[in-house]
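Read through the structure below, which is laid out as structure tokens, and then see the notes.
The values are calculated or read from the model by the stated rules, or taken from the named source; none is laboratory data. In this text the structure is predicted, and so the values were computed from the model without any measurement. Don't worry about glycine lacking a Cβ; one is built from the backbone with ideal geometry, like all the others, and counts go over all protein chains shown. Accessible surface areas use protein heavy atoms only, side chains included; no ligands, DNA or RNA. Shrake-Rupley method; radii C 1.70, N 1.55, O 1.52, S 1.80 Å.
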Amino acid sequence: MRARRALLYMPGDDMHKIQKATGLGVDCVCMDIEDGVALNRKAEARTTIAEALRTLDFHGSERLVRINPVGSGMEEEDLRAVLPHHPDGIVIPKVGMAEQVRWVSDQVADVERARGWPVGQIVLLALIETARGVINLKEIAGADPRLAALIFGAEDLAGDIGAVRTRPGWEIFYARSATVTHAAAFGLQALDMVYMDLKDIEGLRAESLEGARMAYTGKQAIHPNQIGPIQEAFSPSEEAIAHALRVVETARQHQAEGAGAYALDGKMIDAPVVKAAEWVLERARAAGKI
Ligand code: COA
Ligand code: MG
């Protein structure tokens, strides 16, 4: 599993921000051609991103490009500009139907074959941020083997359904919960919503931990200051890792002795607890903590 704890967006027509992003130690750098770029700057964004992919060292950060929505009329040109420079993945916004994911996958496969690259290496991440996307989650999550993650977009969803965003977020909670549940059901990662208040780092930390407890594996970021708190919140703590190691080890011993359930420090351990501990260890490994 590749860690995708923080995914930092920046406008694709802004070379300074792209360059800056490559030195921040962020898991994913996502160069945007969609809503972060003005209509009259789309062409500039395509050439800037192509140049960045061609010339910059991303120091291990995943190199992602967010294209315009499938059906917008801009998506083909977006892909044509960036795919020849082999990004690590494509982020597809406003996904409403599985066919949109499969269409992008086919375009990617054509380029991989034409260039003699291994087919299937370039991943896809689908943004769930419309009412259609939410009700079609089951088909979208199972749409294509390239799909690595679902991303939840709260602001666009609120706009799409006519909800008013609030701090507690009950207006988007069903979709936030449905997205992470479908991701888990299909073995995908799930990236949580953007925290819009750039100055409120404590609020960001709290919302990140809330997402991590919901089983999100990461979160979208829009400013360099958000990366540290997000990546910390989505890395298992030292205590959690130590406890998980103990659970897995003692469970192995008890299994060998024929006991499926046993007590550790006065708490019952059985299969679901062991599974949760193994999940902690997998995330710790991906984050380079063990
Ligand atoms: N990625 C990379 N670098 C960024 C960045 C980002 N998302 N946001 C800010 N920076 C850089 C700035 O260029 C600046 O660099 P410098 O000190 O070398 O000049 C530094 O970080 C500090 O930035 P700051 O002045 O605090 O922010 P700003 O006013 O320049 O920008 C935003 C504020 C919101 C416009 C900017 O954070 C941004 O573009 N965010 C992403 C927007 C986006 O992509 N939206 C679509 C997806 S939701
Ligand atoms: Mg959006």
Exercise. When residues of segment 15-31 are filtered for being part of a loop (DSSP other than H, G, I, E, B) and within 10 Å of ligand 1 (Cβ to nearest atom), how many remain?
Worked result: 4
Problem set entry | Exclusive hit being without any contact (Cβ under 8 Å) to a residue 12 or more places away in the chain, more than 14 Å from ligand 1 (Cβ to nearest atom) and at negative phi, set A131, A114, A126 | A114
For this session: Determine, yes or no, whether G12 is within 14 Å of ligand 1 (Cβ to nearest atom), buried (at least 22 other Cβ atoms within 10 Å of the Cβ) and either over 13 Å from the mean Cα position of the chain (by Cα) or of a type in the set (S, T, Y) (or both).
Result: yes
Exercise. Among the residues of segment 44-70, how many are small (G, A, S) and within 13 Å of ligand 1 (Cβ to nearest atom)?
Worked result: 3
For this session: With respect to G73, determine if the residue is farther than 11 Å from V91 by Cβ, within 10 Å of ligand 1 (Cβ to nearest atom) and modelled with pLDDT of 95 or more.
Result: no
Problem set entry | Filtered residues of segment 234-271 (kept if over 27 Å from the mean Cα position of the chain (by Cα) and hydrophobic (A, V, I, L, M, F, W, C)) | V247, V248, A251, A256, A259, A261, A263, L264, M268, I269, A271
Exercise. If we keep just the residues of segment 188-206 that are assigned to a loop (DSSP other than H, G, I, E, B) and closer than 18 Å to R5 by Cβ, which is nearest to ligand 1 (Cβ to nearest atom)?
Worked result: V194
For this session: Would you please name the residue that is surrounded by the fewest Cβ atoms within 10 Å (Cβ to Cβ), looking only at residues in segment 37-54 that are more than 16 Å from ligand 2 (Cβ to nearest atom) and among the basic types (K, R)?
Result: R54
Seminar exercise, completed: Those residues of segment 234-260 that are open to solvent by less than 60 Å² (accessible area, probe 1.4 Å) and either over 10 Å from A6 (Cα atoms) or within 16 Å of ligand 1 (Cβ to nearest atom) (or both) come to a total of 14
Problem set entry | Unmet requirement for A21, which otherwise passes all of (1) hydrophobic (A, V, I, L, M, F, W, C); (2) more than 24 Å from V95 (Cα to Cα); (3) within 14 Å of ligand 2 (Cβ to nearest atom) | (3)
Problem set entry | Criterion (free of Cβ contacts under 8 Å to residues at least 24 places away in the same chain and aliphatic (A, V, I, L, M)) met by exactly one of A154, A183, A206, A178 | A206
Exercise. Inside segment 55-71, can you point out the residues that are open to solvent by 20 Å² or more (accessible area, probe 1.4 Å), under 24 Å from A287 (Cβ atoms) and in contact with a strand residue (DSSP E or B) (Cβ under 8 Å, 6 or more places away or on another chain)?
Worked result: R63, R66
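Conditions (1) part of a helix (DSSP H, G or I); (2) aliphatic (A, V, I, L, M), marked per residue:
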residue: E239; (1), (2): yes, no
residue: A244; (1), (2): yes, yes
residue: E249; (1), (2): yes, no
residue: Q255; (1), (2): yes, no
residue: G260; (1), (2): no, no
residue: A263; (1), (2): no, yes
residue: M268; (1), (2): no, yes
residue: V273; (1), (2): yes, yes
residue: E278; (1), (2): yes, no
Exercise. Which condition breaks for E34 when tested against (1) more than 15 Å from ligand 2 (Cβ to nearest atom); (2) assigned to a loop (DSSP other than H, G, I, E, B)?
Worked result: (1)
